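Computed from the coordinates by the stated procedures, all read-outs in this text should not be read as laboratory data. Being a predicted model, the structure only gives us computed values, none of them experimental. Glycine gets a Cβ as well: all are built from the backbone with ideal geometry, and neighbour counts include every protein chain shown.
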Amino acid sequence: MKQCPTINKLAEYQTEALANREQQAIHQHITNCTVCQRELQALESTVQLLATLPVPALPDNLWAGVAQHLPNNPRIAFRQRWWKALAGAGVAAGIAIGLLVMHAPNARLPIAPASASAYVADHALLSSQDTFADRASIGVMLALQRSEP
Ligand SMILES: [Zn+2]
């Protein structure tokens, strides 16, 4: 691999989501490319920062509210047992992956963000451009964050 992989491929490499052959090709490239080594280091520090964020507490009756709007399906009952266990981790992982992959597909991420709150603020601004973004909540979050001493 002569050309640097995209940030998406590096993220997939980091999570070992690539096929073995592609994983090895990128590994080979990274051992000789300081640019990709820095990008990978930035991805790893980002994952570590995101891991320090608190996982929001979900209300106990959240699934019941969602389930009553779904059609009657036996597969849903099976999923319901796993849902509570995976909900917190899934939300955090989904936010992390969504921010990394969908909002800056070919952009360079800042290397080693100064803090978790700075990282969240940067990516909240990016995510506000998303079609389905809740811009009001993002604006309130940013305003609250800036008003903190
Ligand atoms: Zn490279």
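Report, by chain and number, residues whose modeled amide H sits under 5 Å from the one on Leu18, excluding near sequence neighbours (fewer than 5 apart, same chain).
Counting only residues 5 or more places away or on other chains, the set is empty.
What does the extension gain come out to for Leu126 and His27, with contour length at 0.36 nm per residue minus their alpha carbon separation?
Difference between extended and current length: 32.7 nm.
If I take R0 = 30 Å and measure r between the Cβ atoms of Arg38 and Leu62 in this structure, what FRET efficiency does the formula 1/(1 + (r/R0)^6) give, to the nearest 0.05?
The formula returns an efficiency of 0.15 here.
Mind giving me the FRET efficiency for Ala143 and Ala92? R0 is 25 Å, r the Cβ-Cβ distance, nearest 0.05 is fine.
0.60
Would you please name the GluC sites (Glu not before Pro) within the range 14-46 that are DSSP coil residues with at most 16 other C-beta atoms within 10 Å of their C-beta?
Working: sites: Glu16, Glu22, Glu39, Glu44; in loops: Glu16.
Answer in residue order: Glu16.
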